[in-house]
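The values are calculated or read from the model by the stated rules, or taken from the named source; none is laboratory data. What you see is a predicted model; the values in this text were computed from it and never measured. So basically every Cβ, Gly included, is an ideal-geometry build from the backbone, and we count neighbours across all protein chains shown. The accessibility values were calculated without ligands, DNA or RNA, using every heavy atom of the protein model including side chains. Shrake-Rupley method; radii C 1.70, N 1.55, O 1.52, S 1.80 Å.
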Amino acid sequence: MRRYSAFAIARQAFRHHEGWERAWRSPEPKARYDVVIVGAGGHGLATAYYLGKNHGIRNVAVIEKGWLGGGNTGRNTTIIRSNYLQDPSAAIYEKARSLYETLSQDLNYNVMFSPRGVMMLAQTEHEIRGYQRTAHANALQGVATEFISPRRVKELCPIINLDGPRYPVLGALWQPRGGTARHDAVAWGYARACSDIGMDIIQQTEVTGVQREGGQVVGIDTTRGPIACGKLGIVVAGHSGVMAERAGFRLPIESVALQALVSEPIKPVMDVVVMANTVHGYMSQSDKGEMVIGGGADGYNNYTQRGSFHHVEETVRALIETFPIISRLKMLRWWGGIVDMTGDRSPIISKTPVEGVFVNCGWGTGGFKAIPGSGWAMAELMAKGHSPLADAFSLDRFREGRFIDESVAAGVAH
Amino acid sequence: MSLRLPKGGRLIDRDKRVVFSFNGKRLTGFAGDTLASALMGSGQRIMGRSFKYHRPRGVVASGVEEPNALVNLGKGKTHEPNQRATTTEIFQGLQATSQNHWPSLSWDIGEVNALIPRFLPAGFYYKTFIHPRPFWKHVFEPFIRQSAGLGKAPDPKLQDPDRYEQFYAHTDLVIAGGGIAGLQAALEAGRSGAQVILCEQSAHWGGRAPVDGVEIEGQPAEVWIKNAVDTLEKMENIHLRLRCMVAGVYDHGYVLAYERVSDHAPQDDVVRHRLWRIRSRHVIAATGALERPLSFAGNDKPGVMLASAVRDHVVNYGSAPGERVVIVTNNDDAYRTALVLAEAGLTVPCVVDARARAEGALPKAVRARGIRVLAGMGISNIKGLRGVVAAQLCRQDGAGEVIEDVICDAVAMSGGWSPVVHLWSHCGGKLLWEKENSFFRPDPDKPPTDQNGEGFVICAGAANGALHAGQTLEDALNSTRKSLQDLNMPVSDQAFLKVSVPEEEKLEPVWIMPAKAGPKKRAKMWLDFQNDVKVSDVQLAAREGYESVEHTKRYTTLGMATDQGKLSNINGLAVLAGALGAEIPQVGTTTFRPPYAPISMGAIAGEARGALFQPLRRTPIQGWHEDNGAHFEPVGYWRRPYCFPRKGESHRDAVNREILAVRNGVGLLDASTLGKIIVKGPDAGRFLDMLYTNVMSSLKPGKCRYGLMCSENGFLMDDGVVARLDEETFLVHTTTGGADRIHAHMEDWLQCEWWDWKVYTANVTEAFAQIAVVGPKARALLNKIGADIDLSKEALPFMGWAEGRIGGFDARVFRISFSGELSFEIAVPASQGRAFWDKLLEAGAEFGATPYGTEALHVMRAEKGFIMIGDETDGTVIPQDLGLDWAISKKKDDYLGKRAQERSHMADPERWKLVGLETLDGSVLPDGSYALDEGVNENGQGNTQGRVTSTYFSPTLGRGIAMGLVRHGPDRMGEVIAFNTTKPAAKGAAPKTIKARIVSPVFYDPEGEKQNV
């Protein structure tokens, strides 16, 4: 792989950029791989990358039904934070956040991680108590957060309206090293790095079946023929239930549409990410200048990647109250993604009833921020059969009642 | 230079001058002008700067698709960024400023980017700015952010003064587009009796036909259009809206239309934008087509415009981009522009036609006027720094060797037309590539489908690929008839209208001009004008493996500007297909999503803003709270008094005073927000036995019982007191926040699982005002105002209830207590609530009756060790954790949550259990603090053994008290454990810890002597 740098660009500039090589190869599938990952989104690609980097497993294929990074990795609002309440959540999200800090250097691909700070507004007495609890939990979890005053909120985000008639801002939980990254670049950077260490990324290929012998996975059927494998990782977000069925087990997952939208670009007015859970909305400003907006998930199950107007309306109302200037901006683009939700709104990173098949799903509305940590944990689980980051997220927890419920800390999609 | 023609302009009124300003310069236009036509008429060629390279740009289009001429409009409160000059109608005093430059539009420092585009190819930022690591956040990114963005944000200190509203409508048909196709569709639908809403995004009916010289039934299109509109206006079933754009089509025939009511004539008290929310059986998209640019070197320079836009400006507004206009095309339609220009007295030095032959009727007509037509030719380059100076011609099939320089000051280009298929696609309609015309059009076999699996969007006219005016009307009539037939409505037998327009020869697809252009030229051919995406960028993306059209779009930002690819997508797609050696339909399109063009956030929010942005629920006593200085806290949609501070009192002082008043005298609480649900029917008891963990069916009429409700997963979700009103009727009290949720929960089970049980539920929360009269003097107060109920301990004991009259009011009295004091909760009809409250206050003066708020309520319940849903519970807590085993029936076979509570983790003896906590120094433990344990876990996180769930200063006890969950807590009474804080003991030091002793959670009156009197 030729390294990316300003010098490389300068060198290429004099050849009219005709000498750049492919970011990732587009190979024919081999007959057998040690590990096959289904799903070339951020989580799948990161899993493959850390299998190679941390565990030396490089005979790996990542199979993708559409185009890599085309699911929720490319449809989210790019927020990265780890101010979670429960220990297992804080552990994996903070692992992810800390990997994001150096991901551009690690991958030699600028994923534009920007720790511009994330604040979650407290707008009721109950929310204040909730965030103070999170701050106390975070202090023990090694996650740097603090509860800040309304005055500090205004300093950090001058366009905010502190004194709305209904829900004045009473404070906020502030994570200064939270922020955003360029979502597509995360998928592309991992894909390029995987390809570089010899892994095959096979796009436009659907996995249609899972071959088993005596309760053990031996291969998969695809639209381009069968492929043998030693282990299989299913990392397909919204379609996890469908893939699990093909592998012969069921998952406690529901799929719903989550919508987001952006305004037309304007000059910088907002440095930080603000989430307002009581009124249901969050906003940040992208490097392009667009105000990036998200809210709650739709109330009914579906697979269509489009949602209803009503949630967008509710979100925009909430944000006009919080940031009155957006009233005179225009909504430019609006899209939906299908998110996979578990009963406790926490992910599943787990072995499955089929020996050799592992599943990573259920990230719901908050998966982007977890990508590096999720890949790290999933790779460790697949390579060693155990990962401290993943153990609490096993499928067993639903049978045992060992839920990891974050709803008290995150009342809004994120 | 651009100019105003001495005559012409069908949409302007030359007798009415309109004064406006651009960048502070006073300019004049005419009534009917758009900002773009007025600026063009004033000789203003540069109107904006591009996004990435900050290149100077002029107007290129004539509608919402305009990517270049975006301005800041208005000033102060009415400032609005990114307004398209082409869709902004001018009015007296309009103020516009150009965007995205510093220090000025003509001299922009950002233009240095334009000098080094070679070093800034697509995606350059992914390949650089990687080292050193902190530089991204602190150096590179701030620089990129400053140079990106377009318009200026409104001033956050000012409020949007305008009003926005939303209208709701149900109709048979929404027709999007008021061109001749839309009018034809409306006429046919109108005759059938269908209810129709016809929306036209511009200020004028008729669309392009009058500009294109179409004749209908032997008369100019304008005449037919006028007659059609007159006819439609007389039809009661037709609703016509101008300046109203159909923005989106959603599942189940849901349509959003965005009406710009007063943007063209701002007035106080007139709503600015109106969002129509329409449920329509069918949608007819008569949305026309958009012209495509041609990709030649320098095609972004000010003065290069779409041929149709040049024609629009000349015919509609009498404005022209130049005096000598070269036409470059791959089709016959652009020749109309040559004719229009010649007619207006302007010079057309030549028409450059990339096709080998140009022998159709229109080229012939152009030749007949003595205009040179150069077939097989293309443009090699546009000369000029800040605008067109000359077009350099070359052979289309070559590499761009210049044959001739043609002096000109404008270029009109046409790369063919693309039907506007957005509304077809929003809800999943598929497209097919029509090779003959080189465009995507709706695939009639794959329409967006409704709830019955039937197509509900129909494209009509040009939007359906019927570009030629003759076909347009025919197609519109056919499409409308098909729609009406699907809706079981009559269709007319009217014949197709006779349309006369010159025949057109086929276009020749030209995606790169000239065909064999080298890399240097390709790096100067713009595809996406605003985002500065060039042919070379798309080819680079393909070369680097970003082969999916979505990858290319995201890598290059093609089609992601404010025009959402309306001009660039098809050209970009074709270049990508060329680079991949694939056919265009194999590459596919990106997804079309609402809105068709950007709509204001204000319109999306509508009237719901300020105090009414969410519904506001008021108790019957709310007015008194407001008049008496209550400090409110939001609880759901309610606003409940937190406390009633007196002059000079802090909130804390007020809370302490209120508590002591209750404990020593009598207090009054407005408990009207408490959820009240009637559960009635022969199976009501059985139903409540399933809902609650304890037995409710055994409750006797006249009695109350406290109960716990769990989710299916076993977690405690609500608590409250149930009163049995009669054999078949129960009154269920829920928490304030839980009322609606619990009612829905009940209905969920009744409708989905136990639909055969004879139970009826009704949420009667707002039917009653409920006032808690609490404290040792409560009975005395009630006896003073007089009751026909015996309120004595013997007649109405704790957990009893009775019905009668108190103080002259019909009332239900519940002997329940959340404070540990003698307490009567009294419900009266909502309409009597305020009068009853006033009466209690007046009569209570001698007892020191004191209204108290939610905080006093919370402190008192904590003093008494009562749990609070949302404090002691968080969705992970089961009743067994809270020492509430006594409220869980062992006898019942089942209740919601029972099975879940038997799972191994739920029965784990290591679960944290409820205790009381007292700090050793009497201080108040911080909210949410954790009890520290030794060591760290596998992930390096500090171990814990419990946490604080509620913590207050107790004025009754004069010290801090807390409740918490602690591992083996109830077995560790008296033990001292440490809690963490987030405050360091000293700067840089580790956070402090606080020591607390584990005690009983009941701090006050453990024997219950006070409430039981």
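Summary table below
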| item | result |
| --- | --- |
| Estimated 222 nm signal from helices in chain B, with DSSP H stretches of n ≥ 4 weighted -39500 (n - 2.57), rounded to 500 | -5500 deg cm²/dmol |
| Spread of Cα-to-Cα distances over 20 Å intervals beginning at zero, given as percent, for chain B | 11, 31, 24, 24, 9, 0 |
| Cross-link reach list, lysines versus residue B:676, counting only Cα pairs under 21 Å and skipping chain neighbours closer than eight places | B:700, B:703, B:758 |
| Model label zone, residue B:364; criterion: amide N under 12 Å from point 7 Å along Cα-to-beta-carbon; scope segment B:491-517 | B:502-505 |
| Rounded Å value of the spacing that divides the Cα centres of segment B:581-607 and segment A:222-257 | 30 Å |
| Cβ-Cβ FRET estimate between residue B:323 and residue B:432, R0 fixed at 41 Å, reported to 0.05 | 0.45 |
| Cα-based equivalent ellipsoid, the protein assembly as shown: semi-axes from gyration tensor eigenvalues, Å | 62, 38, 29 |
| Dipole of segment B:1-159, positive end: most advanced residue of B:56, B:93, B:83 [Cβ charges, Cα centre] | B:56 |
| Förster radius 30 Å - calculated FRET efficiency between residue B:618 and residue B:752, Cβ distance, rounded to 0.05 | 0.35 |
| Straight-distance crosslink candidates among lysines, where the alpha carbon sits under 26 Å from residue B:913 and sequence neighbours closer than 8 are dropped | B:864, B:890, B:891, B:892, B:898, B:992, B:995 |
| Total charge dipole magnitude, the protein assembly as shown, about the Cα centre, Cβ charges on Lys, Arg, Asp, Glu only, Debye to nearest 20 | 3800 debye |
| Point-to-point label distance, residue A:32-residue B:999, nm (Cα→Cβ direction, 7 Å offset) | 7.1 nm |
| Nonlocal amide H pairs with residue A:302, under 5 Å, H built at 1.01 Å | A:255, A:256, A:257 |
| Rounded FRET efficiency, nearest 0.05, which uses the C-beta distance separating residue A:152 from residue B:698 and R0 of 45 Å | 0.20 |
| Compactness relative to 2.2 N^0.38 Å, alpha carbon Rg of segment B:293-415 | 0.94 |
| For chain B, share of DSSP beta bridges that run antiparallel, in % to the nearest 5 | 75 percent |
| Reachable lysines from residue B:534, criterion Cα separation under 17 angstrom, eight or more residues apart if same chain | B:52, B:301, B:516, B:520, B:521, B:524, B:553, B:566 |
| Shape call, segment B:763-914: gyration tensor on alpha carbons, a/c limit 1.5 | prolate |
| Burial of 20 Å² or greater, segment A:11-51 residues [accessible area, probe 1.4 Å, versus chain by itself] | A:13, A:14, A:16, A:17, A:18, A:20, A:22, A:23, A:24 |
| Share of carbon and sulfur in the accessible heavy-atom surface of segment B:864-1013 [1.4 Å probe, %] | 51 percent |
| For segment B:510-587: rounded, prolate or oblate by the Cα gyration tensor [a/c cutoff 1.5] | rounded |
| Residue-count net charge about residue B:360 - beta-carbon cut-off 13 Å; Lys, Arg +1, Asp, Glu -1 | -2 |
| Mean accessible surface per residue for the protein assembly as shown, computed with a 1.4 Å probe while every protein chain stays in place, in Å² | 35 Å² |
| Rg over Rh [alpha-carbon atoms, Kirkwood Rh] for segment B:675-766 | 0.92 |
| Per residue, the convex hull volume that the Cα atoms of segment B:611-749 enclose (Å³) | 158 Å³ |
| Calculated diffusion of segment B:838-934, Stokes-Einstein form, Kirkwood radius summed over Cα pairs, 20 °C and 1.002 mPa s, µm²/s | 124 µm²/s |
| Compactness index (Cα Rg / 2.2 N^0.38 Å), segment B:336-404 | 1.17 |
| Antiparallel %, DSSP beta bridges [both residues in segment B:293-415], to 5 | 40 percent |
| Full-stretch length increase - residue B:784, residue B:741 - with 0.36 nm per residue and alpha-carbon distance subtracted | 11.6 nm |
| Charge dipole (debye, nearest 20) of segment B:293-415; +1 at Cβ of Lys and Arg, -1 at Cβ of Asp and Glu | 140 debye |
| Positive minus negative residues near residue B:791 (Lys, Arg vs Asp, Glu; Cβ under 14 Å) | +2 |
| At q = 0.08, 0.10, 0.13 Å⁻¹, base-10 log of I(q)/I(0) for chain A (Debye sum, equal scatterers on each alpha carbon) | -0.42, -0.66, -1.10 |
| For segment B:920-948 versus segment B:743-767, the gap between their alpha-carbon centres in whole angstrom | 42 Å |
| Nitroxide proxy distance, nm - points 7 Å out along Cα→Cβ at residue B:267 and residue B:686 | 6.6 nm |
| Segment B:129-169-segment B:348-389 distance, computed between alpha-carbon centres (Å) | 43 Å |
| Protein accessible area in segment B:293-415, 1.4 Å probe - carbon and sulfur % | 53 percent |
| Summed buried accessible area for A+B [probe radius 1.4 Å, Å², rounded to 100] | 10700 Å² |
| Residues with amide H under 5 Å from that of residue B:323, placed H, sequence gap 5 or more | B:409 |
| Net charge, residue B:757 excluded, C-beta distance under 10 Å - Lys, Arg +1, Asp, Glu -1 | -1 |
| Check: chain B dipole with +1 on Lys, Arg Cβ and -1 on Asp, Glu Cβ, in debye | 2960 debye |
